[in-house]
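Here the structure comes first, spelled out in structure tokens, and everything after it is commentary.
The values are calculated or read from the model by the stated rules, or taken from the named source; none is laboratory data. Model, not experiment: these values are computed from the prediction. A quick note on method: Cβ atoms are made from the backbone with ideal geometry, for glycine too, and the neighbour counts reach across all protein chains shown.
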Amino acid sequence: MIDFDVIIIGTGSGNTILTPEFDDLQIAIVEKGTFGGTCLNRGCIPSKMLIYVADVLTELGRSRELGITAENYTGNWQEIQERIFNRIDPIATAGESYRHSLPNVSVFNGEASFVSNHEINVNGEIIRGKQIVVATGASPVLPEIDGLSEVNYHTSDTIMRIAEVPKRLGIIGGGYIAVELAHVFSSFGCEVIMLVRGNTLLSKEDFSIRERFNKAFHERVDLRFGVSVSKVRQDNNRIQLSFEDEEEGILEVEELLLATGRLPDLESLNVRAANIVTKDGYIVTDMHMRTSADNIWALGDVTNPVQLKHTANAEAKVVSNNLLSNDLKKVQLDPIPHAIFSNPQVASVGYTEQEAKANGIEYVVAIEEYGDVAYGWAMEEKTGICKVIADPRSGLLIGAHILGPQASTLIHQLIQGMKFGQTVAELATGFLYVHPALNEVVENALIKVALLCD
């Protein structure tokens, strides 16, 4: 048995814990997959590199609206893949090599399983840690469909490395992963059919956002709502899908993507052996990111259902401090923003209008159209909006939702306003907005909602 001061399970945000302050400690890092975790290898980074290409192709597709004639353009999938993964893969390799080169760090390639709150089994070898960090992320959830185990399906972990763009892609799911990848493949000329159990895409978004998103997305993607796939079957190079509603008949696709959510794999970790308390499939932590076992910490998707890289990175900084210091830091994430890099793009922070109403919160709301500001005119933007929700008495922002180009950037001013308690009046008129930049859509929405506050 080998003893370590700290064992870190997972090399995504967990790998960022190690600062120079750890140089005098003996560290073990355990990784069952590719070094660097989900975001680098099969999540945020490669998907956004593909999405940027998809955005360009989409703009070319509407170029006639701007008076531009663009003919015979095409996306070279293999060339684009090569460019993306020839940049990403060496980062993972170099990161692992660097950790191997450090005299105080031992890297274990294999699946970790708790034996006790201090002991972990990796490939049959027991290692012992004074303190342990669980940062194993989440894995795709597979729906229960008859015949699925016999079908060559994809998840978000595999679809981006597919050899070629299929002519017809079926996607089961209607969340952010589903719409981001639907955007990618539809932009390359693939016929995309989305099979959604509910009656909308992006069901957790503000209703004003999701209604417009559904309408815009329906122009590019075959959306089928209220659909439950009951059976799938591999037929040579095609996949046949059958539905619970017999009227739907059978759908044939070349490739199938399952995008029905992600959850931590706590079973293989054997967290029970370490007496780690879980709830709804996640490890429970306190405000210091400590689990129910005093020497075990957890961060990222394994403990936080929002499953965002920026929250995982923030939690990793807290854990990094708390592993070494008796002066424990508390994690402070609110307000937690998120963005969906589909087309149209979505960004959100705080309450949706339906959440505010359901919680009995008094509020006022204002919406500004992208097309009503100068840069929106220049872009011929007809879908985008900025929606702000405020407390009418305090004038504080309680929610903000943006649909349209650059939404993930435009939201940041509103995040800052919520975080530091700036009123909508202060955000609207307290400084100069660059004219005619696109952020005037935010300015105008704030001016409108400020007029509705006391």
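Residue-by-condition table, conditions (1) surrounded by fewer than 21 Cβ atoms within 10 Å (Cβ to Cβ); (2) within 22 Å of Glu211 (Cβ to Cβ); (3) touching a Leu at 6+ places or on another chain (Cβ under 9 Å):
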{"site": "Tyr351", "(1), (2), (3)": "no, yes, no"}
{"site": "Glu380", "(1), (2), (3)": "yes, yes, yes"}
{"site": "Ile385", "(1), (2), (3)": "no, yes, yes"}
{"site": "Ile402", "(1), (2), (3)": "no, yes, yes"}
{"site": "Met418", "(1), (2), (3)": "yes, no, yes"}
{"site": "Gln422", "(1), (2), (3)": "yes, no, yes"}
{"site": "Tyr433", "(1), (2), (3)": "yes, no, no"}
{"site": "Asn444", "(1), (2), (3)": "yes, yes, no"}
{"site": "Ile447", "(1), (2), (3)": "yes, no, no"}
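Identify, from the list Glu144, Glu111, Glu119, Glu96, the residue that is out of contact with any Lys or Arg (no Cβ under 6 Å at 6 or more places or on another chain), under 29 Å from Val6 (Cα atoms) and of a type in the set (Asp, Glu).
Glu96
Looking at this structure, is Asn270 touching a residue at least 60 places away in the same chain (Cβ under 8 Å) and on the phi > 0 side of the Ramachandran plot?
Yes, satisfied.
May I ask you to verify whether Ser139 is modelled with pLDDT of 95 or more, among the hydroxyl-bearing types (Ser, Thr, Tyr) and either farther than 25 Å from Val284 by Cβ or buried (at least 22 other Cβ atoms within 10 Å of the Cβ) (or both)?
Taking the combined requirement at face value, the residue does not satisfy it.
Does Thr409 satisfy being outside the structural domain of Ile51 (by TED's automatic domain parsing), under 21 Å from Arg210 (Cα atoms) and either touching a helix residue (DSSP H, G or I) at 6+ places or on another chain (Cβ under 6 Å) or not small (Gly, Ala, Ser) (or both)?
Yes, satisfied.
Kindly indicate which of Ala274, Ala259 is of a type outside the set (Phe, Trp, Tyr) and more than 30 Å from Ile172 (Cβ to Cβ).
One residue alone meets the criteria, Ala274.
Answer yes or no as to whether Glu65 is surrounded by fewer than 18 Cβ atoms within 10 Å (Cβ to Cβ) and modelled with pLDDT under 95.
The answer is yes for Glu65.
Which members of segment 108-127 meet the condition of being of a type in the set (A, V, I, L, M) and crowded, with 19+ Cβ neighbours inside 10 Å?
Ala112, Ile120, Val122, Ile127, listed by residue number.
I need the full set of residues from segment 149-175 which are among the aliphatic types (A, V, I, L, M) and either surrounded by fewer than 17 Cβ atoms within 10 Å (Cβ to Cβ) or assigned to a loop (DSSP other than H, G, I, E, B) (or both), in order please.
The answer is Val151, Ile162, Ala163, Val165.
Name the residues in segment 294-328 that are hydroxyl-bearing (Ser, Thr, Tyr) and without any contact (Cβ under 8 Å) to a residue 12 or more places away in the chain, would you?
Matches in segment 294-328: Ser325 only.
In segment 265-276, what residues are within 25 Å of the chain's Cα centre (by Cα) and not in a helix (DSSP H, G or I)?
Result: Asp265, single match.
Ile250 fails exactly one of the following numbered conditions: (1) at positive phi; (2) more than 29 Å from the chain's Cα centre (by Cα); (3) of a type in the set (A, V, I, L, M). What is the number of that condition?
With (1) at positive phi; (2) more than 29 Å from the chain's Cα centre (by Cα); (3) of a type in the set (A, V, I, L, M) applied to Ile250, the lone miss is (1).
Among the residues of segment 176-190, is any outside any helix (DSSP H, G or I), modelled with pLDDT of 95 or more, of a type in the set (A, V, I, L, M, F, W, C) and crowded, with 17+ Cβ neighbours inside 10 Å?
yes
Mind listing just one residue for me: the one in segment 206-262 that is of a type in the set (Lys, Arg) and in a strand (DSSP E or B) and, of those, nearest to Val349 (Cα to Cα)?
So the residue we want is Arg262.
Please list, ordered by first then second residue, the pairs with beta carbon atoms under 6 Å, 6 or more apart or interchain, first in segment 17-29 and over 20 Å from Ala312 (Cβ atoms), second in a loop (DSSP other than H, G, I, E, B).
Listed pairs, sorted by first residue: Gln26/Asn104.
Within segment 284-337, count every residue that is at positive phi and small (Gly, Ala, Ser).
1
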